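Participant: Dumping the structure here so I can ask a few things about it.
The values are calculated or read from the model by the stated rules, or taken from the named source; none is laboratory data. All values derive from a computational prediction rather than experimental measurement. Glycine also receives a Cβ, built like all others from the backbone with ideal geometry; neighbour counts cover every protein chain displayed. All accessible areas refer to the heavy atoms of the entire protein, side chains included, with ligands and DNA or RNA removed. Shrake-Rupley method; radii C 1.70, N 1.55, O 1.52, S 1.80 Å.
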Amino acid sequence: MSTNLSFRAALLSVLLFACFIGIWHLATLPADGGAVSAADAEYAALMGQGAGKAEGFPTPAAVGRTFVHFLSDPFYDNGPNDKGIGIQIAYSLLRVGAGFLLATLVALPLGFLIGMSPLMTRALNPFIQVLKPISPLAWMPLALYVLKDSDVSGIFVIFICSMWPMLLNTAFGVASVRRDWINVARTLEVGPVRKAFRVILPAAAPTILTGMRISMGIAWIVIVAAEMLVGGTGVGYFVWNEWNNLALPNVIFAITMIGLVGMLLDFAFGVLQKMVTYRD
């Protein structure tokens, strides 16, 4: 039954994708022999790129050729403004990984403390509620001024945006551990550290992984926007640079790669979440 459902779902996905490509192809057919519109030509002239860069929305075939071009050599390096998509994604992943790791080192212990102590919950809750709604990108100007480095500032922004889902989910998971298990550990005179690792952590692990999964998704979204602001390297900078060149097929290619990498990251955390989830 499960195999049959998976096959039907995959078939439906393929059909929906084929319909999407078909509609896209029909929508981008030239209505006047492929002539460049006056608006496109004027905009291209203002951008200094020439009319050849602005030929309307790209067709599926043009985007397909872009995929082949970039994926045939994803790690080329021809200078600061011309690097392969593999290198750009690697830069973004390094920033996300560094910021996410720092957030984990702060959020998990603090979440345990909040979840196990009603006093700390009430004391820290006002600070959390004030800081949590602030857009991560709002911290970028302050980070650039204080840290004086765009790469470190990007990592700081990832740290800020990754911390809150992990912190809150960890606190909720720890606070939701069944009292019976805590009472049994207390009866057996289990020490605080051993109780945290042998009783509380296994019980709260699925909720903690959910928070980490959400944090990673947010981090991947934010790093793209941050790299558009600070420039230099990264997939966000790649998107913005290609847009400035009016290379829409390259922009669509980069957007697709962002989505695929985000899907793989979410899938990896989903696997980890299933591994720590108890099933009867």
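Participant: Could you give the nm distance between label points at residue 105 and residue 146, where each point is 7 Å from its Cα heading toward the beta carbon?
Facilitator: The modelled label-to-label distance comes out at 1.7 nm.
Participant: At 10 °C and 1.306 mPa s, grab the translational diffusion coefficient of the chain from Stokes-Einstein with a Kirkwood Rh over Cα pairs, rounded to a whole number in µm² per second.
Facilitator: Using the Kirkwood radius from Cα pairs, D works out to 71 µm²/s.
Participant: Rounded to the nearest whole Å³, what is the per residue volume of the convex hull around the Cα atoms of region 100-166?
Facilitator: Dividing the Cα hull volume of region 100-166 by its residues yields 80 Å³.
Participant: In whole Å and largest first, what semi-axes does the C-alpha gyration tensor of region 77-204 yield when each eigenvalue is scaled by 5 and square-rooted?
Facilitator: Output for region 77-204: semi-axes of 38, 18, 10 Å.
Participant: Let me ask something else. Accessible area per residue, 1.4 Å probe, Å², for region 85-276: what's the number?
Facilitator: 51
Participant: Compute the angle between helix 118-131 and the longest alpha-carbon principal axis of the chain, please, reported from 0 to 90 degrees and rounded to the nearest 10.
Facilitator: 20
Participant: Once you charge only the Cβ atoms, +1 for Lys and Arg and -1 for Asp and Glu, what is the size of the charge dipole of region 85-276 about its Cα centre, to the nearest 20 debye?
Facilitator: Here the size comes out at about 840 debye.
Participant: Gaussian network model of the chain, Cα springs within a sub-10 Å range: biggest mean-square fluctuation belongs to which of 201, 12, 209?
Facilitator: 12
Participant: Considering only 256, 187, 233, give the residue with the highest GNM mean-square fluctuation for the chain, with springs between Cα atoms whenever their separation is below 10 Å.
Facilitator: Highest fluctuation among the options: 187.
Participant: Once you keep just the Cα pairs under 8 angstrom separated by 6 or more residues, what percentage relative contact order results for the chain?
Facilitator: Relative contact order, the chain: 21 percent.
Participant: How far, in degrees from 0 to 90, does helix 150-175 lean away from the longest principal axis of the Cα atoms of the chain, to the nearest 10?
Facilitator: 40
Participant: Any chance you could give the angle, 0 to 90 degrees and rounded to 10, that helix 85-116 forms with the longest Cα principal axis of the chain?
Facilitator: 20
Participant: Next question. Identify, among 210, 152, 63, the residue whose Cα sits farthest towards the positive end of the charge dipole of the chain, taking +1 on the Cβ of Lys and Arg and -1 on the Cβ of Asp and Glu, with the dipole about the Cα centre.
Facilitator: So the residue furthest toward the plus end is 210.
Participant: Right, next: Under 25 °C and 0.890 mPa s, how fast does region 143-280 diffuse according to Stokes-Einstein, given a Kirkwood radius computed over C-alpha pairs? Answer in µm²/s, whole number.
Facilitator: Diffusion coefficient, whole number: 140 µm²/s.
Participant: Using a 7 Å offset from the Cα along the Cα-to-Cβ direction at both residue 193 and residue 16, what is the distance between the two label points in nm, to one decimal?
Facilitator: Taking the two extended label points, one gets 5.0 nm.
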